[in-house]
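Q: Just dropping this structure here.
The values are calculated or read from the model by the stated rules, or taken from the named source; none is laboratory data. This one's a predicted model, so the numbers in the text were calculated from it and none came from an experiment. Glycine also receives a Cβ, built like all others from the backbone with ideal geometry; neighbour counts cover every protein chain displayed.
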Amino acid sequence: MKLWQTIADNFSSEAKKYKTPFLPEYRVDVSYDANPIKAGEAYCRIWLVEMRLAQGVEWFKQRYPVVHASARFNHGSQVVTIPYLAAPGNLKDLGTDNLDKVIQYNYPLTPLFPFNQGLVELQAGLFSMAASDSIDKFTKTMGRFSQLLPVPELSSVIKLAEPVYRGIEDLLDIGERRLDLGYQQTFSDASGGGSNILQAGYFAVILAEEHQFNDDTLCIVNDSLQVSSPGTTKMFVRDRKPLEGYSYMLFRLEKRTAQDWESLTSLKELVDQAQNAIYANKYEAVKTFLLPAIKMAIYRSPDVVKSDRKSMVLKIEDFFQELGLQATSVQKRSLYSIMQRPLPLVDAQKEAELAALEKLLEQ
């Protein structure tokens, strides 16, 4: 994908103009789990939280802002790239009258994806493009398609990702574009070392020279990038003020310990089908056919983190057994509800069975 390399080269050649701080937890007004994320144990999502266009750029006269972002991560056995494009129409709050004002955006750049292995890469750019009717129409079309991708069950739309990325690549090749602000980072898991460990929190790219202000004064209040007195307490909330005079984009990496279970349509349908069969007194058929199919689907699903696979199987199997024994008094449950059940006791035979299944499907 030549666009990724082109943006990387542009960003690298102008790296001195940018500040790319990751704000520590104590500089954020709300508490969250900032521990490094271990592969196979959590779900992640990347957000574009807010942005600012500073005065001094000829915005909206002959050139328009276009935000493009791409995230790369492992999805099952393949590395996928999820593109995003925000055209001027998507940035409806921007205009010549409100330059140098914060635009609250809060748009998910990725779905909630399981971090099972490998690296997570993010590349984002604020481009200015020469205005034309054809460029405007193409931009709006690509923007609408890219909004289809950040859905909980990425498997259902994954085939759309590459053609959307190619379309955005063509768009930025056609137009007279200029990269005004760029961000690029590669995150590794908790055992990776270095300062680029994957963890929840806020990070920004700011169009400023290193000496222009102290990064220690930056803080987050109400999902907004602010400046205040430095320190490790929450005192910054009282005397903060906006970071003015600089173009910037603010991002957030979200960490969750559970998937949006009801969004996993294929698994949800199998579980519903099995419950209906049990109510029809076909419990033996469920044990023989549907339950093995559910186990295989869970262990093969690229939308489920590794640490959840065994617990999903055990909770579903335990509920089916309860339903089969007491179908007249036990109500059907959603996949979400089943996943809230306590984990049943597991004997050595069951542990060995699930370990063998996982090993088989990873080969």
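Q: From 260, 215, grab the single residue that is more than 21 Å from residue 333 (Cβ to Cβ) and in contact (Cβ under 8 Å) with a residue 60 or more places away in the chain.
A: Result of the check over 260, 215: 215.
Q: Give the range 156-199 a look and list any residue that's part of a strand (DSSP E or B), within 19 Å of residue 8 (Cα to Cα) and among the aliphatic types (A, V, I, L, M), or say none.
A: 179, 181
Q: Given (1) buried (at least 18 other Cβ atoms within 10 Å of the Cβ); (2) farther than 19 Å from residue 253 by Cβ, where does residue 183 come up short, assuming only one miss?
A: Of (1) buried (at least 18 other Cβ atoms within 10 Å of the Cβ); (2) farther than 19 Å from residue 253 by Cβ, only one is false for residue 183: (2).
Q: Take the range 234-269 and flag every residue that is surrounded by fewer than 20 Cβ atoms within 10 Å (Cβ to Cβ) and part of a helix (DSSP H, G or I).
A: Correct list: 237, 238, 239, 262, 263, 265, 266, 268, 269.
Q: While we're on this one: For residue 332, are the conditions met, namely being within 25 Å of residue 110 (Cβ to Cβ) and in contact (Cβ under 8 Å) with a residue 40 or more places away in the chain? Steps first, please.
A: Working: within 25 Å of residue 110 (Cβ to Cβ): no; in contact (Cβ under 8 Å) with a residue 40 or more places away in the chain: yes.
For residue 332, the condition - within 25 Å of residue 110 (Cβ to Cβ) and in contact (Cβ under 8 Å) with a residue 40 or more places away in the chain - is not met.
Q: Given the residues 128, 146, 156, 188, which is the only one that is among the small types (Gly, Ala, Ser) and under 30 Å from residue 27 (Cα atoms)?
A: 188
Q: In the range 56-65, is there at least one residue being at negative phi, in a strand (DSSP E or B) and modelled with pLDDT of 90 or more?
A: At the first step, the residues of the range 56-65 found to be at negative phi are 57-59, 61-65.
Remaining after also requiring in a strand (DSSP E or B): 59, 63-65.
Right, trim to modelled with pLDDT of 90 or more and you get none.
Looking through the range 56-65, none of the residues is at negative phi, in a strand (DSSP E or B) and modelled with pLDDT of 90 or more.
Every residue, every condition in (1) closer than 30 Å to residue 33 by Cβ; (2) modelled with pLDDT of 80 or more, yes or no:
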residue	(1), (2)
146	yes, no
155	yes, no
167	no, yes
187	yes, yes
216	yes, yes
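Q: Turning to a different aspect of this structure: Might you let me know whether the range 259-274 holds any residue that is hydrophobic (A, V, I, L, M, F, W, C) and under 24 Å from residue 34 (Cα atoms)?
A: There is at least one residue in the range 259-274 that is hydrophobic (A, V, I, L, M, F, W, C) and under 24 Å from residue 34 (Cα atoms).
Q: Being touching a residue at least 40 places away in the same chain (Cβ under 8 Å) and more than 18 Å from the chain's Cα centre (by Cα) is the filter; apply it to the range 196-211 and report the residue that is surrounded by the most Cβ atoms within 10 Å (Cβ to Cβ).
A: Out of the qualifying residues, it is 206.
Q: Further question on the same structure: Examine the range 149-168 for a residue that is farther than 30 Å from residue 297 by Cα and acidic (Asp, Glu), and state whether such a residue exists.
A: Of the range 149-168, the ones farther than 30 Å from residue 297 by Cα are 166-168.
Now narrow it down to the ones that are acidic (Asp, Glu): none.
No, the range 149-168 contains no residue that is farther than 30 Å from residue 297 by Cα and acidic (Asp, Glu).
Q: Also, I was wondering about something else. If I ask for residues that are buried (at least 19 other Cβ atoms within 10 Å of the Cβ), among the hydroxyl-bearing types (Ser, Thr, Tyr) and not in a loop (DSSP other than H, G, I, E, B), which ones from the range 284-332 would you list?
A: Passing the criteria: only 299.
Q: Let me ask something else. Could you give every pair whose Cβ atoms fall below 6 Å, whose first residue belongs to the range 44-62 and is in the same structural domain as residue 122 (by TED's automatic domain parsing), and whose second residue is at pLDDT 65 or above and of a type in the set (Asp, Glu), counting only separations of at least 6 or pairs across chains?
A: 45/254; 49/223
Q: Now, a different point. Would you mind stating whether residue 280 is closer than 27 Å to residue 79 by Cβ and either assigned by TED's automatic domain parsing to the domain that holds residue 44 or exposed (fewer than 13 other Cβ atoms within 10 Å of the Cβ) (or both)?
A: Values: closer than 27 Å to residue 79 by Cβ: no; either assigned by TED's automatic domain parsing to the domain that holds residue 44 or exposed (fewer than 13 other Cβ atoms within 10 Å of the Cβ) (or both): yes.
So residue 280 fails the test.
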